[in-house]
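Everything on this sheet refers to the single structure shown next.
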Amino acid sequence: MKKTLLTLTAGVAMSAMAAAAEEVRVYNWSDYIDEDLLTKFTEETGIKLIYDVFDSNDVLETKMLAGKSGYDVVVPSGTFLQRQISAGAFQKLDKSKLPNAANMWDVIEARTSKYDPGNEYSINYMWGTTGIGVNTGQVTEILGEDAPITSLALIFDPANAEKLAACGIHMLDAADEMIPAALAYLGLNPDSHDTKDIAKAEEVLAAVSPHIQKFHSSEYINGLANGDICVAIGWSGDILQARDRAWEAENGVELAYNAPSEGAMMWFDQMAIPVDAPNADAAHTFLNFIMDAGNMAAASNYVYYANGNKASQPMLEEDVIGDPAIYPDEATLGNLYTTTPYPPKVQRVVTRTWTKIKSGI
Amino acid sequence: MRRLGLILVPYLWLLALFLVPFVIVFKISLSDLAMAIPPYTPNLDLTEGWAGLVSFFRELDFENYVWLTEDALYWKAYLSSLKIALISTALTLLVGYPIAYGMARAPEEWRPMLLMLVILPFWTSFLIRVYAWMGILAKEGVLNQFLLWTGLISEPLIILNTNLAVYIGIVYTYLPFMILPIYASLERMDESLLEAAEDLGCSRLSAFWLITAPLSKQGVIAGSFLVFIPTIGEFVIPSLLGGSKTLMIGKVLWDEFFSNRDWPVASAVAVILLLILIIPIILFQRNEQKQREADG
């Protein structure tokens, strides 16, 4: 017992010493960075980097609202960022410490200022679309060569979903993504906050829910890559990563990603510094490091997501910048929509609807 | 004086680790949702003195509990959790009893080794073991590949993301909690009782029902509670192995807390869960007490 106590004290003393050295704690999405960048950051700056991951905005928001999360850099998506800014969760960025901000892409900054006016609290890390990942071999075998793989009807039409259920369908476990998608499928405004519209979206989703194997926001990467599932509604880069993993494994799984023809959600993941970040200075150093054109290009080349960094574009590989699934062409860009946060009362309805869709109760 | 100290220690323990957290959760369950840090109001502001205290208590109400009664989701989730916990406990008993029996009847020099084997899985993280089951039960997983290879099935079985996978996960995880108390009660049993029964013409089967079963009753009860109580609130196993149809209160609580960001309702769900659990916990305590008295 005494010995344990001694080791414990030593451990506490050591962690206290580590805190004295400069460190930065980053909380980012899972499968979302080239991990070589993390060692490179420590080599260049001498700052110790502690890197944690999450797979849902809800988890991040709960930590932010609980306060004192201990993180110095977090990465909420647009609508969540907006809500957390209004709750006072973030501090304004000190632009004088961010010379690389000059690299950012004005087109994306104009869009993100919808959530963070003037981009005072955040910088864009990556952006992408929510769409359909398909195991083309299995799906065409079941639905025939003319399977509607670019349309939400592939999943939202119960006749299709019923047939595809055997090979496995996953859907994001995110009400604020799936309800807008169902509204887009119906030809309604995806950003509608009208509870009557939400009820219509519920009908679409509830009709196919029995055929959905799982509602989950990260398992589909492995599921698609291994051939465990054949269709997933998910985030662009995640599905492209699954496609890549299947290639590397040479397991015969052919995957394709498409932004739905009915319209696809465009989302932005923004790096921000919590108001109570213990190492705000180091956090700025990290943001500046990320905004370096070469680093951002390395990250995008690795995760297959587009970034908000104009200067990084010449360094992007052709299968990233040249892929319209990642950097959409003008036509697709016109077909993308963005959403705004639900007010608390509507949010309750949305989440309750989502539970009902998933569990049938 | 020394005796007082001895009595005080467990009560301080209870106060610090149970009562204080409970009061905090209970207080949040009486609060209102707010978009702030922390995401509820009111918060006790001691600088305002007595007036602050009065307005603090005025703002607390039982609204969230009323909300829970208005929506079928909650009681259905409680009932479904109870059902899953009951079935899992029965299954664990069914699997665990023969194992414990075999261990207690094994040659004495083997027993420490067998005990070790039961405890060994605890050396790896619980989370990793549940993840391993995902690899075993998946459509392209180890089990399906083996069964396809043997030719027993021609289509892969869909087990992962169903309630069956949840039962497998729970039985696997909680099995040692069932085996150990049953083993303890069986091992203590005086085997000469069985010999006496046989000498008096009792068949082996009726000797088991008349002697072994009643003598291991305390172990069965203890094991069942040790499985039943944590299973009701189980979250990790249903969320990793279960599908969208697996309704358990742990998942509902997660949704309230994380998706709705509604800490007050989440806290109300937790308080009711605790009230439900108090009954089996008291019964468990009684059983332990009885056993101690019987031993003493």
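Values quoted throughout were computed directly from the atomic coordinates according to the rules given, and no laboratory measurement underlies them. No experiment lies behind these values; they were computed from the predicted model shown. Counting neighbours? That spans all protein chains shown, and the Cβs are built from the backbone with ideal geometry, glycine included.
A few notes on this one:
- What the Cβ-Cβ distance of A:K92 and A:D157 gives, at R0 = 60 Å and to the nearest 0.05, is a FRET efficiency of 0.80.
- Taking a ≥ b ≥ c as the square roots of the eigenvalues of the Cα gyration tensor, the range B:71-295 is oblate, since a/c reaches 1.5 or more and a/b is not larger than b/c.
- Summarising the strand pairing of the protein assembly as shown, around 60 percent of its internal DSSP beta bridges are antiparallel.
- Span-like helix criteria (full DSSP H runs; alpha carbon extent of at least 27 Å along the helix axis; mean Kyte-Doolittle hydropathy of at least -0.5) are satisfied in chain B by B:72-105, B:163-188, B:263-295.
- Between B:A184 and B:F208, the contour length at 0.36 nm per residue exceeds the alpha carbon distance by 7.0 nm.
- With helices as the sole contributors, chain A gives -13500 deg cm²/dmol at 222 nm; each DSSP H run of n ≥ 4 counts as -39500 (n - 2.57), and the sum is divided by every residue.
- Partners for B:K76 among lysines (Cα-Cα distance below 23 Å; same-chain residues under 8 apart left out): A:K214, A:K356, A:K358, B:K245, B:K251
- Label positions at A:E250 and B:L147, each projected 7 Å from the Cα along the C-beta direction, are separated by 3.1 nm.
- Computed extension gain for B:I282 through B:D199, at 0.36 nm per residue and net of the alpha carbon distance, reaches 25.8 nm.
- Proximal lysines relative to A:K40, as straight alpha-carbon distance under 24 Å, when same-chain residues fewer than 8 apart are discounted: A:K48, A:K95, A:K97, A:K310
- Averaging the Cα positions of each part gives two centres, and for the range A:74-107 and the range B:132-168 these lie 45 Å apart.
- Choice from A:L183, A:L143, A:L287 showing the highest fluctuation, given a GNM over chain A with Cα pairs closer than 10 Å: A:L143
- Amide hydrogen neighbours beyond the local backbone of A:Y125, cut-off 5 Å, H modeled: A:D269, A:Q270, A:M271
- Comparing A:G308, A:G234, A:G223 in a Gaussian network model of chain A (Cα springs below 10 Å), the most mobile by mean-square fluctuation is A:G223.
- Anisotropy class of the protein assembly as shown from Cα gyration tensor, a/c 1.5 cut: prolate
- For the set B:K139/B:K217; A:K68/B:K83; A:K114/A:K345; A:K63/A:K114, the pairs lying more than 30 angstrom apart at their alpha carbons are B:K139/B:K217; A:K68/B:K83.
- Among B:K245, B:K27, B:K83, the residue with the largest mean-square fluctuation in a Gaussian network model of chain B, with springs joining Cα atoms closer than 10 Å, is B:K245.
- Available extension along the chain between B:Y65 and B:L14 is 15.8 nm, counting 0.36 nm per residue and deducting the alpha carbon span.
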